[in-house]
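One structure below.
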Amino acid sequence: MRPPSLLVRYAAGLAFAYLLSAAEVVAIVISVSRETVLEAQSVLNVTNLVATAAIIVVGTLSVGLSGAALVARALGRAANPQKTANITRRQSAILLAPWALAAAVMVPLNFSAGLRVLILIVSAIMFGSTATVCTGFLFTQRALRALMVAATWDLEHAERAPGVRARLILMWTMCSALPGAGIVVLVMLRANGWIIQRDAPIEVPVLVLASVAVVLGMRAMILVASSISDPIHDVVDAMAEVERGHLGNKIEVYERSELGQLQSGFNRMVAGLQERDRLRDLFGRHVGEEVVRRAIEEHESVSEDERDVAILFIDLVGSTQFAATHEPHQVAAVLNDFFRIVVAEVDKREGLINKFQGDAALAVFGAPLHIDDPATAALATARALAEQLRLLLVDFGIGVSAGPVFAGNIGAENRYEYTVVGDAVNEAARLADRAKEFESRVLCSSAAIDRADEAERRCWKLEGSEMLRGRSELTQISAPV
């Protein structure tokens, strides 16, 4: 809502609340005066009627103008949350001022009319001021959301507002207790002949009080229901957005009751979810999305067991010399392109980039996510990488092996990482180092070939057997056809 429309709506609403309460009070006073009170006919004189009309006109103007000034000040350049937080008390003072003026004018004018007339006037003024202030407060909660957002900047230390229970009790007091008590008092006074004659009719005053209760009750019920349901609906709608995965929106906190705590608590929850997603994304970039998913699904514990997997190891050739002869941004660009291609191809076949080691990468197929044919996936990935990486400015070597490994968390209790340990890992690293001397730049072991399907085997040719560095047995090596 734009500030001009907010100002007009707020000022008109306060003026209407005062006018409605004043009309109710005038109707009650006239009905009681004409039917019941001995000296009450003296209340309905020209002087009092003119004074009442003047007070209502002045009060309506003062409430409207003061309300507009209050909003303008709160929305102005000099506004701050501390001043805005006091808007409820300032509004109450604005609404009480016309009734204080009415008391200051009407009591001296009717001082000589007798005690019973003064009691009637004072009671009417108290009833009207209470109804006006309460209605104005309920109106504020709905119409001044923009200001309440600023006023609730520190909900724990802000001025507290009546909660749901207090508002319902307040509504019951305004709409049932006060009119009902007025009817009971009229009946008791007439029955005992204290202020009202025993034979005086009270049907009209009772009817007026009942009508006031109905009108006031409908108005208060709508305002109270809106002040409670609106923030709850906001939370429900926001929860639906969160359920759909949209965490970017927050609820405006315009309440200073437990409803405001609900709104603020929801915002804190969303902030926590956003932080969780950021951590999950960051964690996934380090250890892989699948490891993160498994850790969450298995209550932060990825299973540790022996798996039959395929390992792909890829290493750059001459990266140190390349870094020494090129600008840093060129080196970073080449490395980013290199790892982007590797990650894309590994992800395409449901593998896991387990580690980035400088200019090398270790990919695992078959852990932690089980796939039907890890060896075939690893060999196909190696062939695809060999074709794409030849377009880069650096050379490389790729080794593929397969076999049983330990797959699980390695490290201390408070810090560990998911990794794979086994002979297949070492063999893949040695094959990658040896592949740098082959034209294909890709080598695989017989363990990987034997575990692959027939179609993938036909894409590879045997290159012989070699004693790889650090190993005690010959390894049969194959290269792409």
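The values are calculated or read from the model by the stated rules, or taken from the named source; none is laboratory data. Keep in mind that what you see is a predicted model, and the values were worked out from it rather than measured. Quick reminder, even Gly has a Cβ in these numbers, built from the backbone with ideal geometry, and neighbours come from all protein chains shown.
Quick notes
- Output for region 460-481, where each listed residue is surrounded by 17 or more Cβ atoms within 10 Å (Cβ to Cβ) and within 18 Å of Glu387 (Cα to Cα): Trp460, Ser478, Ala479, Pro480
- Annotation for region 426-442: at least one member residue is under 49 Å from the mean Cα position of the chain (by Cα) and among the aliphatic types (A, V, I, L, M).
- Entry remark, region 190-202: residues being touching a residue at least 12 places away in the same chain (Cβ under 8 Å) and either closer than 23 Å to Thr135 by Cβ or assigned to a helix (DSSP H, G or I) (or both) number 1 in total.
- Count of residues meeting criterion [within 16 Å of Ala361 (Cα to Cα) and either without any contact (Cβ under 8 Å) to a residue 60 or more places away in the chain or not β-branched (Val, Ile, Thr) (or both)] in region 413-433: 12
- Listed by first and then second residue, the pairs linking a residue in region 162-189 that is of a type in the set (Val, Ile, Thr) to a residue that is part of a loop (DSSP other than H, G, I, E, B), with Cβ atoms under 9 Å apart and 6 or more places separating them unless they lie on different chains, are Val164/Ser257; Ile169/Pro162; Ile183/Ile202; Val187/Ile202.
- Whichever residue in region 393-411 is touching a residue at least 12 places away in the same chain (Cβ under 8 Å) and among the aliphatic types (A, V, I, L, M) and, among such residues, is surrounded by the fewest Cβ atoms within 10 Å (Cβ to Cβ): Leu393
- Scanning region 376-392 for residues that are in contact with a Phe, Trp or Tyr (Cβ under 7 Å, 6 or more places away or on another chain) and either surrounded by fewer than 24 Cβ atoms within 10 Å (Cβ to Cβ) or of a type in the set (S, T, N, Q) (or both) returns Ala377, Leu389, Leu392.
- Subset of region 351-373 (residues that are acidic (Asp, Glu) and surrounded by fewer than 21 Cβ atoms within 10 Å (Cβ to Cβ)): Asp372, Asp373
Yes or no, residue by residue, for (1) more than 47 Å from the chain's Cα centre (by Cα); (2) modelled with pLDDT under 80; (3) assigned to a helix (DSSP H, G or I):
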| position | (1), (2), (3) |
| --- | --- |
| Gly128 | no, no, yes |
| Thr140 | no, yes, yes |
| Met148 | no, yes, yes |
| Pro162 | no, yes, no |
| Met218 | no, no, yes |
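- Where Asn414 falls short, out of the listed (1) modelled with pLDDT under 95; (2) surrounded by 16 or more Cβ atoms within 10 Å (Cβ to Cβ); (3) among the polar types (S, T, N, Q): (2)
- Residues satisfying the stated conditions in region 223-270, i.e. among the hydrophobic types (A, V, I, L, M, F, W, C) and under 19 Å from Cys134 (Cβ atoms): Leu223, Val224, Ala225, Ile228, Leu259
- Residue match in region 231-249 (condition: surrounded by fewer than 15 Cβ atoms within 10 Å (Cβ to Cβ) and of a type in the set (S, T, N, Q)): yes
- Contact map, region 215-235: first residue more than 25 Å from Gly180 (Cα to Cα), second residue among the β-branched types (Val, Ile, Thr) and assigned to a helix (DSSP H, G or I), Cβ cut-off under 8 Å, separation 6 or more or different chains; pairs are Ile228/Val164.
- Evaluation of Leu209 against (1) surrounded by fewer than 18 Cβ atoms within 10 Å (Cβ to Cβ); (2) in contact with a helix residue (DSSP H, G or I) (Cβ under 7 Å, 6 or more places away or on another chain); (3) modelled with pLDDT of 80 or more (one fails), failing number: (1)
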